[in-house]
Amino acid sequence: MALTLSKRSEQVKPSSTLAITAKAKELKAQGRDVVGFGAGEPDFATPKNICDAAIKAINDGFTKYTPAAGTNELKEAICKKFETFNHLHYEPNQIIISNGGKHALTNIFDALLNPGDEVIIPAPYWLSYPEMVKLSDGVPVIVYSTKEQGYKVSAEQIAAAVTDKTKALVLNTPNNPTGMVYSKADLEAIAKIAIEKDFYIVADEMYEALIYTGEEHVSIASLGKDIYDRTITCSGLSKSYAMTGWRVGYAGAPLEITKRMSAMQSHATSNVNSIAQKAAVEALTGPTDEMVAMKAEFDRRRKYMYERLTAMPLCECLEPEGAFYAFIDFNEACEKSYKGEKIGSGARMAEILLNDFDTAVVPCADFGYPNHVRLSYAISMEQIEKGLDRIEKFLKSL
Ligand SMILES: Cc1ncc(COP(=O)(O)O)c(C=O)c1O
C-alpha cells in the first residue's frame, strides 16, 4: 500500500478567516499598527462570574470525565434557555454538548449524511459549512441570494434546488457574514417546503442573542411539530458570552439523532472540558447584565460603522441586523485600478488594504461572494474609527 493520504482530507480547504487573522497578527508582531476587522470573536473578556465558576470547579476537584454528551446540570440549563428564549421544548436527553458550535455542526452532518447526500446551503454562507458537509461525505448545493433580496434566499429558490438526493438545508440566522435576520414569515415559508419535500433543517443559531432591530429571534423548530421533528437546533456560548476559547456548543434534536451524535462523540472526543461545562452553567443561569452591556456596545459600533460605510464612495452595504459583521459589496470598486492594475476581486482589495493601509478585512470568496468583504465590529470603537478612516482613504484614492 502506497503512502497516500485520504481523499476526504484532500478536498478540504483551511479556513481563510483564520489565515487572514494570522497574517494581521504577524504584521502586528513586526511592529505595524494593523487594524484587524477579521475578528470572529468579541473583544470583551469573559464575564468574571463565569470565570469564577470555572475556578471554583477546579478548586472543588470537578476535573474528571463527565458523561460524554455533557453533564445533566448543563443540559438542564440549556433546556431552560431553549424553553424561555427559543420557545422550544427539549428534554435533557435530547441535548448534546460539544466542543463549540463547530463540533456540534460536524456531529450533526455526521449523523445525517450518507455519501452523495445533498445539503442546500444558502449564500452568503459561513465558510465552514461546505467543508463540513464534504467532510461528512455530503455534497454542498449552493443557492445564491442578491443584495436586493437582503441576502436571504426565498422558499421558492430552496424548493427549486431540491432533488431526490436533498437531505438537509442549513439555515443560519442571524447570518455570518451578512448580519441579516430571517423573519418569522420567511421561516414559515421555508418550513413549509422542508415538510413538503421531506428534508432536515440544520438551524445554526449561534448569533441568536445578537439581534439589534428589536425583533425577537425566531427558531424555525418552534413553528410547529412537523418542523420540530425534522430540525436540529444548534447554538453555543462563544459569541454571546464572550467565551470563544472555552469551546462550548450544543444541539437540541429529535431523540434518535441526539443518541447517534452522542454515540459518535463518545468515541471521538468524549465530554467537553468539565471546567468549561461548569462555567457554561453559570453563563446560562447567572446574571445577564454584562451580556446586555456587550450587546449594547455592539449595537453602537454597528450603527457607527453602517453610517460611515454608506457615506463612502464605491462601497455598498446593507444595514446589519444581527451578529457582529458588515458585509460590503465592492463590485464597483473591483472594476477600478490601483497602482495601474485592475483590482479585480475582494481578495486583491484585502491584500491592498493589509499591505498598504495596515487594515485587515476578510475577503468573501470562501463565503460565496468574490467581490465582497466582511468587516467585524467585534473590535473597539477606536480601532473601528481608525480602520474606517483608512478604508475611506483607499476608496477615495481610486
Ligand atoms: C455561523 C457560525 N456558526 C458556528 C460557529 C462556530 O462557533 P464556535 O467558535 O463555537 O465553534 C461560528 C464561528 O465563527 C459561526 O460564525
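Each reported figure results from applying straightforward, stated rules to the coordinates on display, with no laboratory input. What you are looking at is a predicted structure, and each value in this text was computed from that prediction instead of being measured. A quick note on method: Cβ atoms are made from the backbone with ideal geometry, for glycine too, and the neighbour counts reach across all protein chains shown.
What to note about this one:
- Compared with the direct C-alpha span, the chain from residue 72 to residue 91 gains 5.8 nm at full extension, assuming 0.36 nm per residue.
- Beta bridges assigned by DSSP with both partners in the chain are antiparallel in approximately 50 percent of cases.
- Using a Gaussian network model of the chain in which every pair of alpha carbons under 10 angstrom is joined by a spring, one finds that among 230, 247, 300 the greatest mean-square fluctuation is at 300.
- Size of charge dipole - the chain - debye, nearest 20, with Cβ of Lys, Arg +1 and Asp, Glu -1, no other charges: 880 debye
- Whole-number percent relative contact order across segment 64-285, with pairs defined as alpha carbons under 8 Å at least 6 apart: 29 percent
- For segment 64-285, the spherically averaged projection of the C-alpha convex hull amounts to 11.2 nm².
- Sequence-separation-based contact order of segment 164-300, relative, with Cα cut under 8 Å and 6+ spacing, percent: 18 percent
- With neighbours defined as other Cβ atoms within 10 Å of a residue's Cβ, the residues 364, 79 order from fewest to most as 79, 364.
- Choice from 273, 355, 86 with maximal GNM fluctuation in the chain (Cα, 10 Å cutoff): 355
- With N the number of residues in the chain, Rg(Cα) / (2.2 N^0.38 Å) evaluates to 0.99.
- Among 375, 27, 112, residue whose mean-square fluctuation peaks in a GNM of the chain (springs only between Cα atoms under 10 Å): 27
- Here the calculated FRET efficiency for residue 5 and residue 311, from their Cβ-Cβ distance with R0 = 51 Å, stands at 0.55, rounded to the nearest 0.05.
- Once C-alpha pairs closer than 8 Å and six or more residues apart are averaged by separation and normalised to the residue number of the chain, the relative contact order reads 23 percent.
- For segment 286-398, the fraction of C-alpha pairs more than 23 angstrom apart is 28%.
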